[in-house]
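One structure is given here, and the rest of the page talks about it.
Quick note: the coordinates plus some simple rules give every number you see, no bench work behind them. As the structure is a prediction and not an experimental result, all values here were calculated from the model. FYI the Cβ positions are ideal-geometry reconstructions off the backbone, even for glycines, and counts take in every protein chain you see.
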Amino acid sequence: MPVITCIDDLKRMHRRRTPKMFFDYCESGSYSEQTFRDNVSDFGAIRLRQKVAVDMAGRSTASKMIGQPVAMPVALAPVGLTGMQAADGEIKAARAAEAFGVPFTLSTMSICSVEDVAAATTKPFWFQLYVMRDEDFVDQMLERAQRASCSALVLTLDLQILGQRHKDLKNGLSAPPKLTLPVMLDLATKWGWGLEMLRTRRRSFGNIVGHAKGVGDTSSLMSWTAEQFDPQLDWKKIARIRDKWGGKIILKGILDEDDARRAADFGADAIVVSNHGGRQLDGALSSIRMLPGIVRAVGDRVEVHMDGGIRSGQDVLKALAMGAKGTYIGRSYIYGLGAMGEAGVRRALEVIWKELDISMALCGEKDVKALGPHNLLVPRDFEGNWA
Ligand SMILES: Cc1cc2nc3c(=O)[nH]c(=O)nc-3n(C[C@H](O)[C@H](O)[C@H](O)COP(=O)(O)O)c2cc1C
C-alpha cells in the first residue's frame, strides 16, 4: 500500500489506473482552462494567520449543512460518469461519504441509478438535477429521487448549454468507451480497471437509459443528452421544480451577486458559489474570489456554500473563514476513487479532514464554526477592481 499524504498522490495514481479518456474528462476545464486553473491557484494567494499559546484541545470539525449534521462541512459534489472512473463508482463514493459522515450528491448523469445508490446505502443522500426539455422525464426523475429518500435537491443552473472541453472531443468521450484502436491500446495498460468493469452491469447512464423516451440504448444516448439540456430554464421553471420537489433545495452554479440575491429572495435553502469547476464559462473569476462579495450581498438570508479548486483542508479552512457555511469537493474525491475505489474516496476525505483539523489548531481555533476573516491574511486586491 503506497503512502498517501496528500490529494496529489491520489491524482497520480488515478492517472495511472484509469483510461485516459476518463482521467482527461475529470482533469479538464473548458476552452483555455483559465478558470479551471484560477480556481486552484487563487486559494494560494490567501494566507493563514498563525496563533500561538491558545488552548487547542478538544477540537471539532462537526457542523451542519442545510440543517443536516456533517462530520465536517465538506460534501461530495455531483460528478457525471463517476461510475466510469471505477466500476460502480457512485455506490463506492456514496458509501465512503456515509461512513465518514458527509453528504454525497448523485448527479443526473451518473452511471449507477438513484435506485442503485439508495439500495447500497443506509442514509439519505442528495440528488443533483439537470433540467431537461422533456418535462415528463424531469418530473419522473424528481419522483424517483423522492422515492429514494433523497434529503435535498441540488439544482444545477450553470449548464443549460455545454462549455467545450477540447480533450473530450479529441478522446471521443463516451460511456461505455467505444473500442477504437487508441482506446484498446490504452485499455491494455489499464487492465485492473477493465476487469472490474467487466464484473459490473452498470456501464451507461443509469438514471436515463430505460427511463427517457427515445433512449433505449447507448448509441441514442449521447445525442439525446446533448440535445436535452433546457436552454429556456428561468426562475419560473425553477419555481415549478421547487413546488414539485417540496423538500430542501440548493441552487448550484451562482457566481454573481445579483443572482445570489435573487436566489435568496426565491427562498433557496442554500446556494453553491460555483463555476462548475471551470468547465463552463472560461474567463469567469474563480469561486473563491467571488465568494466574499456574494456572502456580503446575501448576509444571512441564504446559506452560502462554495466549490471549485479545493484540494486540501487548508483550502476548506479558507473558504469557511471567508464566510461559506459548507464546501464541496469534486476532483479531489474523484482522484481517490480512480486511484483506489471506495478506500480511495475515504482516504481523500481523511486527508482533507486531517489537514483541516491541524491547520485549525495552528490558527488557534477549536471549532470549525468559529472560523472567520480573523484567521486569514488576504491581499487587499484579492477580489479585484473590475469595471
Ligand atoms: C468530471 C466532472 C464532472 C462533473 N459533473 C457534474 C454534474 O454532473 N453535475 C453538476 O452539477 N456538476 C458537475 N461537475 C461540477 C462539480 O459538481 C463541482 O462543481 C466541481 O467539480 C468543483 O470543482 P473541483 O473539481 O475543483 O472541486 C462536474 C465536475 C467534474 C470535474
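Let me have the relative contact order for the chain, percent, based on Cα pairs under 8 Å that are six or more residues apart. RCO, the chain: 29 percent. Screening the chain for DSSP H helices whose Cα atoms reach 27 Å or more along their own axis and whose mean Kyte hydropathy is at least 0.0 gives 331-362. What percent antiparallel are the DSSP beta bridges of the chain, to the nearest 5? Percent antiparallel among DSSP bridges in the chain is about 20.
Quote the FRET efficiency, to the nearest 0.05, computed for PHE382 versus GLN50 with a Förster distance R0 of 22 Å and r equal to the Cβ-Cβ distance. Spell out each step's value before the answer.
Values: r = 19 Å, r/R0 = 0.87.
Efficiency, rounded to the nearest 0.05: 0.70.
Per residue, the convex hull spanned by the Cα atoms of segment 204-279 measures out at 133 cubic angstrom. All Cα-Cα separations within segment 7-368 were binned at 10 Å from zero, giving a P(r) of 5, 25, 36, 25, 7, 1, 0, each value a whole percent of the pairs.
Under the rule of -39500 (n - 2.57) per DSSP H run of 4 or more residues, summed and divided by the residues of the chain, what mean residue ellipticity at 222 nm is obtained, to the nearest 500 deg cm²/dmol?
Working: 16 runs with 173 residues, N = 387.
Computed ellipticity for the chain at 222 nm equals -13500 deg cm²/dmol.
Note on the chain: with a GNM built from Cα contacts shorter than 10 Å, the maximum mean-square fluctuation among ALA75, ALA348, ALA212 falls on ALA212.
For the residue pairs LYS123/LYS369; LYS92/LYS248; LYS11/LYS252; LYS213/LYS237; LYS20/LYS244, the alpha carbons lie more than 28 Å apart in LYS20/LYS244.
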